[in-house]
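Read-outs: derived from the displayed coordinates by stated rules, not from any lab. Since the structure is predicted, the reported quantities are computational estimates derived from the model, not experimental observations. A quick note on method: Cβ atoms are made from the backbone with ideal geometry, for glycine too, and the neighbour counts reach across all protein chains shown.
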Amino acid sequence: MFSIRRDLLQAPLFPASAERVRAFTTSLDELAGRVQAAEAARSSWRGPGDARDARAQLDAVSRARAQLPPLRRLVEELHAQAQSLARDKIQLPDHVLARLDELNTRVSALCAGGEERARQLAGVARDGGAGAAQGFLAGSVEPPWERAVTPANVPYYINHELETTHWDHPKMIELMASLADLNEVRFSAYRTALKLRSVQKALCMHLLQLPAALEAFDSHGLRAQNDRLIDIPDMITVLTSLYEVGKPSPFSGDYLGLQLSIDFCKGTFESSPQHGCPSVIAAENPSVVNVPLCLDLSINWLLNVYDSQRTGQIRVLSFKVGLVLLCKGHLEEKYRYLFRLIADPSCRADQRKLGLLLHDCIQVPRQLGEVAAFGGSNIEPSVRSCFEQASASTGKDSKTATLDRKSDKSEKDETKDKTLERDADGQLQYIEAFHFLQWLQKEPQSMVWLPVLHRLAAAETAKHQAKCNICKEYPIIGFRYRCLKCFNFDMCQKCFFSGRKAKNHKLTHPMQEYCTATTSGEDVRDFTRALRNKFKSARYFKKHPRVGYLPVQTVLEGR
Ligand SMILES: [Zn+2]
Ligand SMILES: [Zn+2]
């Protein structure tokens, strides 16, 4: 008689809970907007000129800091709400919780930044701030420049002739100005990669071998410390061991236990004769590396990317990611290492961890003013894209999952899949390195600049026995582009990047890119392709564009 219909009992709960979730996300959006505004105001900070300038700036900073406690309270309130929702068994989606976490971190950074900034300015207001510390790095600049450090050990640079101070090293200022020349490159991924290649070379990071960097992290006790903060003196210590002449350490090639499963062969940097035996940069390249300068520029770059507020500390994770992205190494090894940074002891990563990693990666194009082309600084769509693809590829009829999994391993993998938990929507709760690599192989929008950087580096020394049909360069050096529709039509990278047209060749034609000199096999293949494409219409190419990246849905920032 009294059979209770549970659905009827619970029904009234649903509208109420939906209302509460909606209220929660609205508050979250408001918080995001305010945090972004505070960050924007903060990014206009500059190095203090002199004591009087410092005092004036100190006033502005006090006003800015007064706005932070309300933000802090809003974060706390949202945390409390989330807890109360959880108590009532109302599950907020993971990405919403991850967003709250992220905003919490940003508010903390704003508070810490404001505090540090006030202390710094107070120091400069008191004694003019000029102090030569970090010993040998004083030699990274020449008169009229002087290198000085704040009480938080943050370097800054004084130009005594112009009586100005700057957070940026004079060479960094020059470097950044020179990158503007690359703005004529039409394709954002190539433009960003070209800029990054210039940065990489100025910092001599292109000479730093990935295994050497990893070894330095470990030998300085940074293993499994990714959530900790590292200050500038410690960063200098690690970097010094990489740049300075020291004794090379023995190293075995299977350091990472690498098993190359996805073919990233196009993504290697020029192979080094000393592969498998990394040593310090300066020891291998004594004539090209000015150690204090490169080291100082590296610190400058890392701070610009990860500590624009100059708190004097960055996360160990950011430090590692920043160096790994720019060093010399195999692309897949980099990807695998990046994943290891966020993997738990059972080698899996959840959405929050992936978000942290992608956030640190995307700061690089952001620093180059290129973030918009890669989906903006919001990494949530990328995280979702990766997890969705992983969930789809490990589904029951996972035909696409054969990409990497050798048939002899399939049995083991199947049992492993079962241990990957899914949420109510069938989404994986965790991903493994395999999923991460599979996603990156599609060159997702937020990360595409990295494989392009690797291809660019590989192409740099390539000489192709072909003539550019536009500028007549012969041989073509760098990337060579061959039209798959016109017969025998080649372009050099300069002409291709600037979008130059020829009589019959159109910008809509499909192009094949070569970063190394073509083999005769490729020549034959392209010839047949050109033959086939000859009979396809322009509409075909519009309908089947050669997408260079995996588009992810972008969300307007700061809502
Ligand atoms: Zn040309
Ligand atoms: Zn063509």
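Details
- Computed extension length for Thr164-Gln225: 18.2 nm, one decimal, from 0.36 nm per residue of separation with the Cα-Cα distance subtracted.
- Among residues other than Thr237 with Cβ under 13 Å from its Cβ, the summed charge is -3 (Lys and Arg +1, Asp and Glu -1).
- In this simple spin-label approximation, Ala392 and Glu146 carry label points 7 Å from Cα along the Cα→Cβ vector, and these lie 6.1 nm apart.
- Residues whose placed amide H lies under 5 Å from that of Phe489, excluding near-sequence neighbours: Cys483
- Ranked by how many other beta carbons lie within 10 Å on average, peptides 106-115, 197-206 from highest: 197-206, 106-115
- Distance from the Cα centroid of segment 498-515 to that of segment 448-493 is 11 Å (rounded to whole angstrom).
- Estimated vicinal HN-Hα couplings, Hz - segment 374-386 in sequence order (Karplus 6.51, -1.76, 1.60; Gly, Pro = x): 10, x, x, 7, 7, 8, 4, x, 5, 4, 5, 4, 5
- Over 20 Å (Cα to Cα) - which of Lys467/Lys506; Lys201/Lys328; Lys171/Lys195; Lys472/Lys494; Lys201/Lys442; Lys472/Lys503 fall in this group: Lys201/Lys442
- For segment 288-392: rounded, prolate or oblate by the Cα gyration tensor [a/c cutoff 1.5]: prolate
- Per-residue HN-Hα couplings for segment 467-483 [Karplus 6.51, -1.76, 1.60; θ = phi - 60°; Hz; x = Gly/Pro]: 10, 5, 5, 9, 9, 6, 4, 8, x, 6, 10, x, 5, 10, 10, 10, 6
- Highest average first, the peptides 336-347, 302-313, 94-105 ordered by how many other beta carbon atoms sit within 10 Å of their residues are 302-313, 94-105, 336-347.
- Using a Förster distance of 35 Å, the FRET efficiency for Asn290-Gln83 (Cβ separation, nearest 0.05): 0.05
- Computed from label points 7 Å out along Cα-Cβ, the spacing between Asp101 and Asp344 is 1.0 nm.
- Couplings for segment 224-237, taken from phi via the Karplus curve 6.51 cos²θ - 1.76 cosθ + 1.60 with θ = phi - 60°, read 6, 10, 5, 8, 6, 9, 10, 9, 5, x, 5, 4, 4, 4 Hz in order; Gly and Pro are left as x.
- Amide H contacts of Arg422 (H built 1.01 Å from N, in plane; Pro and chain starts excluded): Gln429 sit under 5 Å, all sequence-distant by 5 or more or on other chains.
- Efficiency of FRET from Cβ geometry, Asp423 and Ala122, R₀ 35 Å, rounded to 0.05: 0.10
- Interchain or long-range residues, amide H under 5 Å from Tyr156's placed H: Ala148, Val149, Thr150
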